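Report on one structure; see the data block that follows.
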Amino acid sequence: MTQKTALVTGAGGFIGHHLADYLVKKGRHVRGVDIKHPEYAPTAAHEFEVLDLRSEKNCEIATAGVDEIYHLAADMGGIGYITSSRAPITLHNTLINVNMIKAARENGAKRFLFSSSACVYPQYLQTKPDVTPLREDDAFPADPEEGYGLEKLYMEKMCQYFSEDWGFPTRVVRFHNVYGPLGTYDGGREKAPAAISRKIAGIPDGGTIEIWGDGQQTRSFMHVEDCIEGIYRIMQSDYDKPLNLGTDELVTIDQLVDMVAEVAGKRVVKRHDVSRPQGVRGRNSDNSRLREVLGWEPRIMLREGIVPTYRWIAEMVAGESKRPATQQAAE
Ligand code: NAD
Ligand code: GDD
């Protein structure tokens, strides 16, 4: 059997980096593409191209001669970033997504997986901490997260139309908040697990950290290893409609902070700031359809997954503080 070639877009980023390494282990010939090289560790991808996928021409280059496309490249971040950058996010992701799916079809890709988000779900269903878990069919009538969520929902529909009208095989995966080693942990795009880990890593025992909101808002968090396995399984499946990929372990942000503090072995004083971005009040994944389709669902509990995540971030933070002050100032 000839070796399949897989393209991973966004392979310089968090999930794409892990996915490229996983696909190499699965025996694929892997081409990674991103606008930047991976920041924290080398990639195992056989080829790595630095390309700006907002360009139609670059999408044609990236998709030439590949069988499977795992399309993860996006302008994205945690709630602080996505609420303050709606114009650039919508502009960049629209260009990336339209050009990628068009080039993928024209170049004859056999399968195209789009990384969508739980941000497509209506805000009116996410107003309470004890939220009802979100089912795939809940996405309409639509009221997604402004900018980022709306653009993801539009691209989901484009995948559906390409599949229905032109027989182009697509897969659509709605990730719920993903965390783990090699994820962005500073700079403004970081999500809550990484931000809280970084803050706790930076204080002494008994120190104070700032938490956005009153700490009672809820989320479910998925470890990146579950995310990668789920992506792979969904790509191999015959299911071409949107699927949730997340855990259904609902926790408050304060509970997340307590878990990280326990893993860090530190007592932490919480200072809540309700003037900071908070997003929806509660969000959880209903995994019924995922279980039906795959007979599988993410299984790493948050307390377990936080251990390697916190350790990696604490090492990164310690490494930064050990660099000479002159070098840090120059960066
Ligand atoms: P990430 O920011 O670490 O990775 C995205 C990558 O896309 C980055 O490396 C970035 O450089 C690259 N990129 C941005 N613009 C580009 C361009 N013009 N050309 C080429 N590459 C470009 O984010 P991630 O967490 O790895 O997310 C991967 C995908 O999963 C994204 O589509 C994101 O929207 C989606 N998603 C992630 C989460 C999560 O919790 N991490 C949740 C829902 C959806
Ligand atoms: N980022 C961040 N940083 N969030 C914090 C912090 C902090 O220091 N402290 C508390 N929070 C709270 C936020 O106010 C929010 O209520 C909650 O933690 C979760 O924030 P994020 O992890 O930033 O994002 P999100 O869950 O609202 O949305 C994320 O997940 C979606 C998929 O489920 C984003 O990354 C989206 O881009 C993604 O699509």
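Things worth noting here:
- When the square roots of the Cα gyration tensor eigenvalues are ordered a ≥ b ≥ c, the ratio a/c for region 1-125 is 1.5 or more and a/b exceeds b/c, which makes its shape prolate.
- Per residue, the accessible area of region 203-301 comes to 43 Å², computed with a 1.4 Å probe over protein heavy atoms only.
- Projecting the Cα atoms of Pro204, Leu153, Gly265 onto the charge dipole of region 137-268 (Cβ charges, centred on the Cα centre) puts Pro204 farthest toward the positive pole.
- Given charges at beta-carbon only (K, R positive; D, E negative), |dipole| of the chain in Debye: 360 debye
- Region 235-246 - phi-based ³J(HN,Hα) in whole Hz, Karplus 6.51/-1.76/1.60, Gly and Pro as x: 4, 6, 6, 9, 7, 10, 9, x, 10, 5, 9, x
- Between Lys102 and Met301, the FRET efficiency from the beta-carbon distance, with R0 = 45 Å, is close to 0.65.
- In this structure, the amide hydrogen of Lys191, modeled 1.01 Å from its nitrogen in the peptide plane, lies closer than 5 angstrom to those of Gly78, counting only residues at least 5 positions away or on a different chain.
- The count of lysine pairs in region 77-207 that are at least 8 places apart or cross chains, and whose C-alpha atoms lie under 20 Å apart, stands at 6.
- Of all accessible heavy-atom area on region 70-207, the percent that carbon and sulfur account for (1.4 Å): 55 percent
- Based on Cα contacts under 8 Å between residues 6+ apart, region 47-194 shows a relative contact order of 28 percent.
- Seen through its C-alpha gyration tensor, with square-root eigenvalues sorted a ≥ b ≥ c, region 95-202 comes out oblate because a/c lies at 1.5 or above while a/b is not bigger than b/c.
- Max mean-square fluctuation residue, GNM over the chain, Cα-Cα springs under 10 Å, options Asp248, Asp67, Asp238: Asp238
- ³J(HN,Hα), Karplus 6.51/-1.76/1.60, whole Hz, each residue of region 288-293, x for Gly, Pro: 4, 5, 4, 5, 4, 6
- With coordinates expressed along the principal axes, the C-alpha atoms belonging to region 183-331 extend over 55, 33, 27 Å, beginning with the largest.
- Largest-first principal axis extents of the Cα set of the chain (Å): 59, 48, 38
- For region 1-60: rounded, prolate or oblate by the Cα gyration tensor [a/c cutoff 1.5]: oblate
- Antiparallel bridges, percent of DSSP beta bridges restricted to the chain (to nearest 5): 10 percent
- Working note: Karplus 6.51/-1.76/1.60 with θ = phi - 60° gives region 177-189 the couplings 2, 9, 9, x, x, 6, x, 4, 10, 8, x, x, 9 Hz, where Gly and Pro are set to x.
- Model label sites at Asp186 and Asp205, defined 7 Å from Cα along the beta-carbon direction, differ in position by 2.5 nm.
- Annotation for region 1-83: chymotrypsin sites (Phe, Trp or Tyr not before Pro) lying in DSSP loop with at most 13 further Cβ atoms inside 10 Å of their Cβ are Tyr40.
- Basic side chains Lys and Arg get +1 at the Cβ, acidic Asp and Glu get -1 at the Cβ, and with that the dipole of region 103-255 about its Cα centre reaches some 400 debye.
- Probe 1.4 Å, accessible area per residue of region 55-131, Å²: 38 Å²
The values are calculated or read from the model by the stated rules, or taken from the named source; none is laboratory data. Quick caveat, the model's predicted, so the values are computed rather than measured. FYI the Cβ positions are ideal-geometry reconstructions off the backbone, even for glycines, and counts take in every protein chain you see. When the accessible area is computed, the model is the full protein with side chains, heavy atoms only, and any ligands, DNA or RNA have been set aside. Shrake-Rupley method; radii C 1.70, N 1.55, O 1.52, S 1.80 Å.
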